[in-house]
Structures are given as C-alpha cells and as structure tokens.
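K.L.:
Following this message is one structure expressed as structure tokens.
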Amino acid sequence: MGHIVRTTFRYFSIALAIASIGVGVPKANAQSDKDQHDCKKAIQIVARGKPDKKEEWAWATVLGCGAAGGVAARDAWMQARTEVDTRSLEELYSRLWSFRDSALFNAAHGIFADAVASPQGRVYSAMLLVSLLFDAQDPTYEFFSSTKSLDICRTGSVAGRIVSHGGPLPSDAEERTRRAAQTILHGSTAPAIVVSAAHCVDQGIRMNEWVRAHPYTPPTR
Amino acid sequence: MPAVLQLTGERTDAPMAAPADFTLSAVDGGLLSNVRWWFMQPMANTFNGDSIPFVREPPPSTFTLPVPRYPDAQRTTVVELTECATQVTCRYQAPAAGAVVAMATLADGRVLGARATPALACGVAGVSGLRAAGRSLAAACEPPAPPTLKLECPSSSTRGEKIACELRLSDATLVFSVSEVEVYATSGTSGFSIVLSAPGPIAAGAVYRMEGPAVATTRLSAKGTVAWRGQTLNLVGSTSFVVKERPRELDEYVMTLAPKADGPGRTTKFPSTNRGGSTLGLYRRQPPLFDSLQIATAATGPNRGLSYVVSVPGIPASLINLTFAIFPGDPWYEAHPVQPGPLNDAGVLICTRSKIDDLRLQAERHEGVTLASNSHYGLDQAFLRRVKLGAFIGAHVSNVAGSPDQIRRQMALELMQEWSREDAYLWILQRAFDAKDVPAMLAALGCSIYLKD
C-alpha cells in the first residue's frame, strides 16, 4: 500500500502550539492515564453509533485512540447496514471518514458487498472505502448514488483533511475494494444507487492507478 | 552506327495551341524522297530507337513498306498526314498528346523512319535497325518521366474548418489505383496513426478528393500502383497540413466563481483534543463539468474519425467548510474563557473567545473565503493559471470508435484523467501549504485552542 499517502501531519498540532508559546511538555505518564480514561469513555459512546450533540467530544477523541478506537468506529459503522436515512448516514460518515483503521475498513467493505444491507448504507460504505484508501478523494452521496455506468463519477478532491490512524489497513485493501465493486458491477441484482457507487469506486481506483503511472510534471516558468 | 535521319519540331505531349513546323532531314544533308507523315496516339507508343513491332499498312493501302508503330491492339489512332506527303517540313497542329512520325527514302535507297517524342521532336531510327545517335538528340529522346502520385492539401487550417485534400496522378491519361491512405495526426502530446479506406482504382484524369473538418496537424500519405510502359509502378505520395487548435483565450482556464461556503461539512464538530487531529476547515475542489462536454467528430475527410472538444466545460465553484465550533454560540466556542487565564490539562493557556475569533478569521483566509492568494483557493487558482488545462482540453483529440455518446464519455474520461493527474500534484502543494501555514496561525494565537490537552 505504498501508494497510499498517509498524512501524518496534524492540522493543529499541539506539540507545535506548545512549542510556539514556550510552555513545557506535560508529564507523559499522567497524560497517558488521562488519555486512556478519555478513550475508554469515548469508545463506549462511539460504539453505539449514534452521534449526539452533547457527546461530540467523544467522536473527536476516539480518532486518537488507535486500534481500540477503530473497533468502536467499526461498531458504529455497522449501524449503516440497516440505515436508510441519508442524513443519519452523512452524520456518521462525517465523523469517521478520516479514521483510517482496518476494523472500520472491514466493516465498510462488508456492508458494501452485502446484498441485504440497505442500499443507502452500501453507498455510504463505498464512499468510506474510497476515503480510507485515498487521502485526497472527496466522495459525495450525490455523485456516488447517481452516476450512470459509463458516465464520469465527479469525485472532487479535498485539502485540509487530517487522516487519523487506527489499525493498519490490509495490504490488499485496494484490491479487495475493487473486487467488491466489480462483483456488484458484473451482477444484475444490486439497486441502481449501489451500482452507481460501485462504478464510482471502480473508477476512483482506476483513476488513481492511472495517475500513479502518469505523474504530472508542471511546466517550468 | 551513326544516326542518319532526324526529325525536329515542337512538343507533342499535349494538344498544341497552334500549328508548328516539323522538319525531317538526313544527317548527312542528303536528299530525301517518298516522304510520308503520320500522327500516332497515344503518346506512350514511343519509339526511341528501341526495337518495336512493324505492321504492314492494312488494305486498301498498297504501301508495302513497314511503318514503325505498335500493333493494332496496342494503338489507338494512326492518322496519315497526307497534306504533308512528299514534304520534308510538315506544318501541323497536334490535336492531342501523341507523336508525329515520318518516313523517307534516303539518297542511297534505304527507307528509314523517325518520330517526335512526346517531349521534344527527336528521332533517328529506322526500319533497318539503325539506332538513335547524335548527342544533342539523344538527351531529347530520354524516356518520359514515370508518373507520380500527387497528394495536395492546404498547408494550414483551423480546427473545425473544412479542409480538402486531393489525390491525382501526374499523368492524366493513365488509370491508377490507390491501395492505402494513411494519416498520422498530432495534437497536444497525442499522436494517432489512422488508416483511411483506400479508394482503389481511379479513372484517368480523375481526382480523389478527401474533404471534411480539420481536426489535428496531419501528415497524409498514400500508396498505389499504375501500369506504365508495360510494367507496374509503385506510387507513393505524401503531404501535410497544420491545424490551429483553439482560441488563445483558453489559456486562462480558471475558476470564474468564488468559492462557496458550504456549512461545516465533514469538519470536526468538537475539536476536543489534538490526538485524533481536528479538521477545522476543508477546501473541496470540484472537477469541471465533464459530463456536459460537447464534442464533434470528423465524419469525412483526412481527419475522419478524430473527435475534438467544441465547448470547454466550466469549473464549478470550490466548496469551503468551516466547523461551527469556531463561531459564537457553538458549545465549543462558548466553552472558551472570555478572559485569559485558564489552563488546559496539559498546563497550556487556553485561548480566549477573542482568540478563537482571530482563529476564525485566519481559518477563513486559509481556506479561501477572502480569495487571498495565501489560501487553498489562491493556490488552486494560481495552479490553474500555470497548468493551462484549458489549452489541453482545447487541444485534446481522440480517436475513439462508437456512438456519439460513447465517444463523448470516453473523451470525458480522458479529460478527467488529466484533471486528476494535475489535481494530485496540486494536492501535494496544498499539503505543503498546510504544513507551513497552520503552525504559523497557531503560533500567532499564543495559546492552545484545546480545552483539555
């Protein structure tokens, strides 16, 4: 997965902020205990899979809880399997789209390929797979659910996104995602919006391959 | 053996504009008698000293001496110029391409023939097998140049305008055949080798015309054959033309719409700690509307099958998301102190609401709400100015078979690939911008935005 750019830069790095104002680094052990406590609490909240305004801190915190946070994110994402309300799905997606974690990936992959999962949940799972694979891609439900098989899936790109890391993605994550998309495309039973999403996934992976094989060299001025 | 008889006069490789003199003379200046004249067609029936068949005059002629000419099956017309009989100078206007032929009895009794070549009267050969001689005449009696394939196009055109290329043989009297017409077209960085359908046999004097819209700078070549003087000649012709691609204004292919505020989007709702990373703002770049691409395909002409863009799609406004957390009224914003003093769990001074206001202004500037050059939007716009994607789109040509819709979709995909390729490069620039600008923003605050650690 060497081609996947894993952004380690943190938008608001506390280390940088602290250094800039000349404040000493806090004690590691005390901080670690505190972190563990916060993570435990955040994981319990997130695993329920229902974002709540009063508990927003937990959804932000869990992204810093590594693989344990990933398990909570996976459990949360499993709500998508039966969810048909795209507003709820967007709420969930917008909190987890930048958490690159293997458990979350597997959950999204499973729902995307699951013929009995809700079509909307499958579309959002397709979007999540693309977001987890590629830092710059910015899937939207609008295009993932409405692109005809031969049309361009107009996936935009996003700057300023911070990707957090849980358990590392499987080494064949991209290939597995592609296979799931192609199985849907070659089948005849998936709902139109799922076929559209599969087309967008397939095109997104192909496009990335093409870009990797044809890197851009800007004109010199 | 030296030449003894010569014939001089005007060219007869085309109809003559006016009568002219053809003169027969013995090289030694001796007298000639029993002079007879003929006009033979076609001119390809040459007689330049080579041994050729002799045919006796058909009845009712009682003239028994052989006249140098081709057998009946190989000749078209032989007309005796009776008005010139017995004269050594014949005033004659050739009505078509052909050859003037004369025969005479020399002073020593030999009977010899001579003819004017299509290019220039020359001669000297005879029924007794005398060969052409005499330096000045020998050159004039060289065989005519073999026919060539003429392929001609205007040297330049503009994309979409009609262009006509013509294919003909230099010798308008011959039937020829074209077996292959090939095109190598280039546009931008792409090149296409295309084989067009070959016309096959083309009648004598006919012109094969290829007319259609000009699409790309093209080198056109054709191959064929022609039967000439008893052999099959291979013909090759080529030409090229330049196509101006698109108006220059496409160099300026940038976003014409300011970025659009699109709510909080997928930003962090409550930037509680730094550990997971908090996304306060996002800049979301939208690809051009390639699905509304308009293309045209040349259905005829030398660029047949090539498609090009006739209408360059616009670039939609980018979207900017800013977290609500940095706006007054949001729980996160309101959780910050009004006065400086409180420290977070890490012992760092927590930013006041006033500082969060400063942060909001900086975040707006950073994403591009203010259209600042030092923003994601500003970088994007500067990048577009630099890469000139519009020129690429304008120059883009595709050689895709299929229905108009299939061609349009394929071209849209090709353009999206180029966009994505450039986008991947821009993304690296954007990331570098973040790496430099965000720490500077935070440092300028002089406090921690985080309430906990």
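The values are calculated or read from the model by the stated rules, or taken from the named source; none is laboratory data. Because the structure is a prediction, the values reported are computed rather than measured. Cβ coordinates were reconstructed from backbone atoms using ideal geometry, including for glycine residues, and neighbour counts include every protein chain displayed.
K.L.:
Answer yes or no: is there a residue in the range A:101-111 that is at pLDDT 95 or above and either touching a Cys at 6+ places or on another chain (Cβ under 7 Å) or within 14 Å of chain B (Cβ to nearest Cβ) (or both). Write out each step before concluding.
P.N.:
To start, the set of residues in the range A:101-111 that are at pLDDT 95 or above comprises A:101-111.
Then keep just the ones that are either touching a Cys at 6+ places or on another chain (Cβ under 7 Å) or within 14 Å of chain B (Cβ to nearest Cβ) (or both); that gives A:101, A:104.
Within the range A:101-111 (the criterion being at pLDDT 95 or above and either touching a Cys at 6+ places or on another chain (Cβ under 7 Å) or within 14 Å of chain B (Cβ to nearest Cβ) (or both)), the answer is yes, since at least one residue qualifies.
K.L.:
Looking for something closer than 30 Å to B:Ala185 by Cβ and at pLDDT 90 or above - is there at least one such residue anywhere in the range B:328-339?
P.N.:
Taking every residue of the range B:328-339 in turn, none turns out to be closer than 30 Å to B:Ala185 by Cβ and at pLDDT 90 or above.
K.L.:
Sticking with this one: How many of the residues in the range B:148-159 are buried (at least 16 other Cβ atoms within 10 Å of the Cβ) and either touching a His at 6+ places or on another chain (Cβ under 6 Å) or in a loop (DSSP other than H, G, I, E, B) (or both)? Step through it out loud before you land on a result.
P.N.:
Within the range B:148-159, the first condition is being buried (at least 16 other Cβ atoms within 10 Å of the Cβ), and the residues that meet it are B:149, B:151, B:153, B:157, B:159.
In the following step, the residues that additionally are either touching a His at 6+ places or on another chain (Cβ under 6 Å) or in a loop (DSSP other than H, G, I, E, B) (or both) were identified as B:153, B:159.
Of the residues in that region, 2 qualify.
K.L.:
How many of the residues making up the range A:161-197 are at pLDDT 95 or above and closer than 23 Å to B:Glu422 by Cβ?
P.N.:
1
K.L.:
Another one. Considering only the range A:148-175, how many residues are more than 30 Å from B:Asn374 (Cα to Cα), touching a residue at least 60 places away in the same chain (Cβ under 8 Å) and of a type in the set (S, T, N, Q)?
P.N.:
Of the residues in that region, 1 qualify.
K.L.:
Can you work out which of the residues in the range A:41-76 that are within 11 Å of chain B (Cβ to nearest Cβ) and not in a helix (DSSP H, G or I) is farthest from A:Ala103 (Cα to Cα)?
P.N.:
Across the range A:41-76, the extreme among qualifying residues is A:Asp52.
K.L.:
Still on this structure, please answer the following. State the number of residues belonging to the range A:87-100 that are among the hydroxyl-bearing types (Ser, Thr, Tyr), within 14 Å of chain B (Cβ to nearest Cβ) and assigned to a helix (DSSP H, G or I). So that I can check it myself, show each step before the final result.
P.N.:
Of the range A:87-100, the ones among the hydroxyl-bearing types (Ser, Thr, Tyr) are A:88, A:93-94, A:98.
Then keep just the ones that are within 14 Å of chain B (Cβ to nearest Cβ); that gives A:93-94, A:98.
Filter once more, so that each one left must be assigned to a helix (DSSP H, G or I): A:93-94.
Total satisfying the criteria: 2.
K.L.:
Go through the range A:92-102 and count every residue that is surrounded by fewer than 21 Cβ atoms within 10 Å (Cβ to Cβ) and not hydroxyl-bearing (Ser, Thr, Tyr).
P.N.:
Residues that pass the stated criteria total 0.
K.L.:
When you go through (1) assigned to a loop (DSSP other than H, G, I, E, B); (2) at pLDDT below 90; (3) more than 9 Å from chain A (Cβ to nearest Cβ) one by one for B:Val310, which number turns out not to apply?
P.N.:
The one condition B:Val310 does not meet is (1).
K.L.:
Checking B:Asn321 against (1) assigned to a loop (DSSP other than H, G, I, E, B); (2) within 12 Å of chain A (Cβ to nearest Cβ); (3) not hydrophobic (A, V, I, L, M, F, W, C), which test does it fail?
P.N.:
Answer for B:Asn321: the failing condition is (1).
K.L.:
On to the next question. Which numbered condition trips up B:Arg365, out of (1) without any contact (Cβ under 8 Å) to a residue 40 or more places away in the chain; (2) buried (at least 21 other Cβ atoms within 10 Å of the Cβ)?
P.N.:
(2)
K.L.:
Considering only helices (runs of 4 or more DSSP H) fully contained in the range B:355-453, which possess at least 3 residues that are within 8 Å of another protein chain (Cβ to nearest Cβ)?
P.N.:
B:376-387, B:404-445
K.L.:
If I ask for residues that are assigned to a loop (DSSP other than H, G, I, E, B), in contact with a strand residue (DSSP E or B) (Cβ under 7 Å, 6 or more places away or on another chain) and within 30 Å of A:Ile162 (Cα to Cα), which ones from the range B:283-307 would you list?
P.N.:
Pass one, the range B:283-307, residues assigned to a loop (DSSP other than H, G, I, E, B): B:286-289, B:293, B:298-306.
Cutting the leftovers down to in contact with a strand residue (DSSP E or B) (Cβ under 7 Å, 6 or more places away or on another chain) gives us B:286-287, B:293, B:298-306.
Result: B:Gln286, B:Pro287.
So that you can scan it fast, the table gives a plain yes or no per residue for (1) modelled with pLDDT of 90 or more; (2) crowded, with 19+ Cβ neighbours inside 10 Å:
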| site | (1), (2) |
| --- | --- |
| A:Asn29 | no, no |
| A:Arg48 | no, no |
| A:Gly66 | yes, no |
| A:Ala72 | yes, yes |
| A:Asp75 | yes, no |
| A:Ser88 | yes, no |
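K.L.:
Having 3 or more residues that are in contact (Cβ under 8 Å) with a residue 24 or more places away in the chain is the bar; report the strands (runs of 3 or more DSSP E) wholly within the range B:165-239 that clear it.
P.N.:
B:176-187, B:190-196, B:208-213, B:217-228
Condition check ((1) of a type in the set (S, T, N, Q); (2) touching a helix residue (DSSP H, G or I) at 6+ places or on another chain (Cβ under 7 Å); (3) buried (at least 16 other Cβ atoms within 10 Å of the Cβ); (4) modelled with pLDDT of 95 or more) across all residues:
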position: B:Tyr283; (1), (2), (3), (4): no, yes, yes, yes
position: B:Gly314; (1), (2), (3), (4): no, no, no, no
position: B:Asp345; (1), (2), (3), (4): no, yes, yes, no
position: B:Val348; (1), (2), (3), (4): no, yes, yes, no
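K.L.:
B:Leu319: buried (at least 21 other Cβ atoms within 10 Å of the Cβ), over 23 Å from the mean Cα position of the chain (by Cα) and at pLDDT 90 or above, yes or no? Lay out the reasoning, then the answer.
P.N.:
Details: buried (at least 21 other Cβ atoms within 10 Å of the Cβ): yes; over 23 Å from the mean Cα position of the chain (by Cα): yes; at pLDDT 90 or above: yes.
Spelling it out, B:Leu319 is indeed buried (at least 21 other Cβ atoms within 10 Å of the Cβ), over 23 Å from the mean Cα position of the chain (by Cα) and at pLDDT 90 or above.
Residue-wise test of (1) closer than 25 Å to A:Asp75 by Cβ; (2) among the small types (Gly, Ala, Ser); (3) assigned to a helix (DSSP H, G or I).
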| position | (1), (2), (3) |
| --- | --- |
| A:Arg122 | yes, no, yes |
| A:Val130 | yes, no, yes |
| A:Leu185 | no, no, yes |
| A:Arg212 | no, no, yes |
| A:Pro219 | no, no, no |
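K.L.:
A further question on this structure: Please tell me if B:Val236 is surrounded by fewer than 23 Cβ atoms within 10 Å (Cβ to Cβ), out of contact with any Asp or Glu (no Cβ under 8 Å at 6 or more places or on another chain), among the β-branched types (Val, Ile, Thr) and modelled with pLDDT under 90.
P.N.:
no
K.L.:
So is A:Ser171 closer than 28 Å to A:Cys65 by Cβ, surrounded by fewer than 16 Cβ atoms within 10 Å (Cβ to Cβ), out of contact with any His (no Cβ under 8 Å at 6 or more places or on another chain) and among the small types (Gly, Ala, Ser) or not?
P.N.:
Here the answer is yes, as A:Ser171 does meet what is asked.
K.L.:
Can you tell me how many residues within the range A:139-161 are surrounded by fewer than 23 Cβ atoms within 10 Å (Cβ to Cβ), under 17 Å from A:Ser94 (Cα atoms) and facing another protein chain (nearest Cβ under 7 Å)?
P.N.:
Counting residues in the range A:139-161 that are surrounded by fewer than 23 Cβ atoms within 10 Å (Cβ to Cβ), under 17 Å from A:Ser94 (Cα atoms) and facing another protein chain (nearest Cβ under 7 Å) gives 1.
K.L.:
Same structure, new question: Identify all residues within the range B:171-206 that are among the aliphatic types (A, V, I, L, M) and under 20 Å from the mean Cα position of the chain (by Cα); write none if there are none.
P.N.:
Within the range B:171-206, B:Val178, B:Val181, B:Val183, B:Ala185, B:Ile194, B:Val195, B:Leu196, B:Ala198 meet the criteria.
K.L.:
Right, here's the next one. Within the range B:402-419, how many residues are polar (S, T, N, Q) and closer than 12 Å to A:Cys153 by Cα?
P.N.:
Looking only at that region, the number is 1.
K.L.:
So A:Trp59 passes all but one of these: (1) modelled with pLDDT under 90; (2) aromatic (Phe, Trp, Tyr); (3) in contact with a Pro (Cβ under 9 Å, 6 or more places away or on another chain). Which condition number does it fail?
P.N.:
Condition not satisfied by A:Trp59: (1).
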